[in-house]
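The structure appears below as structure tokens.
Read the figures in this text as sums done on the coordinates, not as results from a lab. None of these values were measured; they are calculated from a predicted model. No Cβ is skipped: glycine too gets one built from the backbone with ideal geometry, and neighbour counts run over all protein chains shown.
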Amino acid sequence: MNDTAQIPEDRSVRDGDGAATVVPSRGRAGAEPTRSRPRSQQWAAWGFLTPVVIYLGVFYAYPLYRNIDLSLRNYTVRSFVDGNATFTGPANYRAVLDDPTFMPALTHTVVFTAASLLLQYGIGLALAVFFTQHFRLAATLRALFLVPWLLPLIVSASTWSWMLNSDSGVVNAVLRAVGIGPVNWLTSPSWSLASVVIANIWIGIPFNLVVLYSGLQSIPASLYEAAALDGANAWQRFRHVTFPLLRPVSAITLLLGLVYTLKVFDIIWIMTRGGPVNSSTTLATWSYRLGFGNALPAFGHGAAVGNLLVLIALVFGMVYIRVQRKQQAS
Amino acid sequence: MSTRHTSWWKTAIGVLLTALMLFPVYWMLNVSFTRDQDMRKSPPDWFPLHGTLEGYRAVIDQQLPYLGTSLVIALGTVVLTAAIAAPAGYALAKLRPRGGGALSFVLLVAQMIPGIIMAMGFYTIYLKLGMLQSVPGLIIADSTIAVPFAVLIFTAFMDGIPGELLQAARTDGAGHLRTFWSIVLPMSRNAIVTVSLFAFLWSWSDFVFASTLDGGGAHEPITLGIYHYIGNNNQQWNAIMATAVVASIPTALILVLAQRYVAAGVTAGAVKD
């Protein structure tokens with residue numbers, strides 16, 4: 001009991017939002033030298049952490065391990081059930097790298113991610129700047145902008161599928177009204193990737209808007225006033241005040257968006273299944289199709305593609321964490 | 001005088017932009033009320049003038065079991081996520097465990113692993129354990145979307161609980177468990193609400209785990225209900241969109257009742273699956 005009674009004393013120093021005053025513990029001051037990490041507290045801490053540690057081991061690490069194992073063996077449907085697939089080393093990786101689908105899938109992943117990010121960020125930033133101006137209903141309208149992000153992806157994807165339908169879709173009806181011929185959004189190889197990018201941008205705008213808006217809130221108004229006094233117009237104020245000061249938030253938003261966009265699967269799969277003829281296949285949808293989308297599943301290949309995707313996501317994930325840590329430190 | 005003028009002007013633009021952004025949502029509603037014979041009309045009806053409830057009748061006839069399953073799975077995910085994440089958040093925020101930084105790092109990385117890769121790993125494990133097409137199996141898989149985020153949220157919120165309070169509890173003889181249960185948890189109401197909202201929404205919306213781990217099962221969630229609809233009867237778009245509307249009800253409720261928690265969750269950092 002002695003030990004646990006000691007803890008609050010030095011905790012209060014840390015928690016008292018920066019104030020260096022030590023709250024005296026009742027009549028126990030000096031009874032024992034203050035340690036920063038008493039052993040009993042360590043035991044308690046890891047007691048509280050035990051569930052999450054077991055959870056991470058069983059439901060994260062083990063599935064990932066199984067996935068790596070899967071990618072290094074020659075699995076057939078039969079050996080998948082029996083569990084005695086032969087170890088083949090990097091054969092699956094070599095096979096997917098040599099596969100004619102690999103380069104298109106990689107290119108589509110890059111194009112999908114870059115186009116989505118750029119437009120989500122651009123539109124999100126424009127909207128964020130717009131919403132920082134004070135006008136009636138601003139808060140309500142900003143809240144409504146969250147809707148696309150909160151909707152289940154299958155709802156958004158199926159709605160967009162029907163809107164982009166070649167014959168009966170509302171998008172083509174509008175285009176027809178202004179004299180543009182019907183576009184086969186989802187059924188032509190030259191448009192399918194653009195279609196899923198459009199839907200994905202729509203879904204991603206709210207996230208960019210909310211994060212960038214909160215970033216804009218932290219820029220002091222006095223800077224704008226000073227710039228205005230110096231005769232800067234609205235564009236110059238944005239260019240020389242807003243944009244540079246928003247750079248840290250922008251970096252976080254884009255990097256996080258990158259990691260999340262790399263793994264987008266639902267929207268593409270529901271709208272086009274990666275087709276027609278692989279024209280909207282990304283690494284994520286390809287991996288799924290190899291493992292689950294065929295009558296004859298190629299689990300080994302699917303896992304190999306999946307692990308390549310994890311690798312790419314983690315590289316950018318590390319960059320994100322580094323940037324975030326650096327920002328917090330400064 | 002002039003400021004009021006510009007303010008109204010901006011409101012008009014704002015309303016226009018919002019309308020444009022939410023047009024797909026309006027269209028989903030419109031199509032859900034459209035009669036079968038008007039579905040392929042050109043140009044389409046912009047308003048459901050000859051509205052029908054056929055689509056919603058189909059939802060009630062065919063989709064109720066799916067909705068029930070989704071509700072059970074989403075609530076299960078909320079409970080599991082909170083039960084694992086809340087104690088972890090307390091330890092990381094208030095007990096300064098050795099190696100806590102490393103654990104936070106692992107959680108951050110875990111959040112970045114694509115769901116499709118997790119699904120493949122879960123599939124091989126569940127196949128062996130006979131847990132494919134089971135509701136508990138899907139609850140566990142769905143919780144992996146939310147747990148890392150939940151720990152980060154709990155840690156951030158609980159960090160703000162004044163140390164003096166916990167100190168007072170300890171001097172009065174409360175152990176760690178009691179302090180956590182009687183003081184920390186009740187004070188973390190906002191964190192619990194935020195975590196529950198996101199865990200519910202993500203689990204309710206999950207398609208990747210449902211389609212890989214639960215496809216063809218006796219209890220399928222609503223996302224698969226819609227997916228089968230799209231695959232099977234391509235023509236009945238009023239029924240498909242009506243199901244989509246019903247599947248969006250949690251979104252609408254959250255937006256109306258708990259919008260401030262959503263904003264808090266987004267800005268607290270790494271979200272969006």
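Observations on the model:
- With Cα atoms, 0 to 90° folded angle of helix B:189-205 axis to chain B main axis: 40
- Most mobile of B:Ala252, B:Ala88, B:Ala174 in a GNM of chain B (Cα contacts under 10 Å): B:Ala174
- Computed 3J(HN,Hα) for segment A:144-160, one whole-Hz value per residue from the Karplus formula 6.51 cos²θ - 1.76 cosθ + 1.60 where θ = phi - 60°, is 5, 5, 6, 3, x, 6, 8, 5, x, 4, 5, 5, 4, 5, 6, 4, 5, glycine and proline marked x.
- Residues considered: B:Leu92, B:Leu129, B:Leu80. Largest GNM mean-square fluctuation over chain B, using C-alpha springs under 10 Å, is found at B:Leu129.
- GNM result for chain B, Cα springs below 10 Å: residue of B:Pro250, B:Pro43, B:Pro162 fluctuating most strongly: B:Pro43
- Residues A:Val249, A:Val174, A:Val264, sorted so that the one with the fewest Cβ neighbours within 10 Å comes first: A:Val174, A:Val249, A:Val264
- Dividing the mean sequence gap of close Cα pairs (under 8 Å, 6+ apart) by how many residues chain A holds gives a relative contact order of 22 percent.
- Averaged over A:304-313, number of beta-carbon atoms from partner chains that fall within 10 Å: 3
- When only alpha carbons are used to place a centre, segment A:60-80 and segment A:234-295 end up 27 Å from one another.
- For segment A:139-161, backbone nitrogen atoms closer than 19 Å to the point 7 Å from B:Leu22 Cα along Cα-to-C-beta are found at A:139-153, A:155-157, A:159-160.
- Here the mean projected area of the convex hull built on the C-alpha positions of segment B:4-89 is 11.1 nm².
- Stokes-Einstein D for segment A:169-213, Kirkwood Rh over Cα pairs, 20 °C, 1.002 mPa s (µm²/s): 176
- Footprinting exposure proxy for B:Trp9, A:Trp43 (fewest neighbouring C-beta atoms within 10 Å first): B:Trp9, A:Trp43
- Mean-position separation - Cα centroids, segment A:144-220 and segment B:187-232, in angstrom: 22
- Gyration tensor verdict on the protein assembly as shown (Cα atoms; rounded if a/c is under 1.5, prolate if a/b is larger than b/c, oblate otherwise): oblate
- Charge tally around B:Val72: other residues with Cβ under 15 Å, Lys/Arg +1 each, Asp/Glu -1 each, net -4.
- Likely footprinting exposure, B:Asp159, A:Asp82, fewest C-beta neighbours within 10 Å first: A:Asp82, B:Asp159
- Once the Cβ-Cβ distance of A:Leu311 and B:Phe105 is raised to the sixth power relative to R0 = 22 Å, the FRET efficiency obtained is 0.80.
- Each residue of segment A:66-76 was assigned a 3J(HN,Hα) from its phi angle through the Karplus curve 6.51 cos²θ - 1.76 cosθ + 1.60 (θ = phi - 60°); the sequence is 4, 5, 5, 4, 4, 7, 9, 10, 8, 8, 10 Hz, with glycine and proline shown as x.
- Placing unit charges on each Cβ (+1 for Lys and Arg, -1 for Asp and Glu) gives chain A a dipole about its Cα centre, and among A:Pro248, A:Gly275, A:Leu127 the Cα reaching farthest toward its positive end belongs to A:Pro248.
- With the gyration tensor restricted to C-alpha atoms of chain A, the semi-axes of the equivalent ellipsoid amount to 44, 37, 17 Å, longest first.
- Under-5 Å amide H pairs with A:Arg73, H placed in peptide plane, nonlocal only: A:Thr88
- Extension gain, A:Gln133 back to A:Ala234 (0.36 nm per residue minus Cα-Cα distance, nm): 35.2 nm
- Cα gyration tensor shape of chain B, rounded if a/c is under 1.5, else prolate or oblate by comparing a/b with b/c: oblate
- Look at the stretch A:121-131: the mean tally of other chain Cβ atoms within 10 Å of its residues' Cβ atoms is 1.
- Backbone HN-Hα couplings from phi across segment B:37-49 [Karplus 6.51/-1.76/1.60, Hz, Gly and Pro as x]: 6, 9, 4, 9, 5, 9, x, x, 6, 7, 10, x, 5
- Our note on the geometry: Cα centres of segment A:82-125 and segment B:90-147, 23 Å apart.
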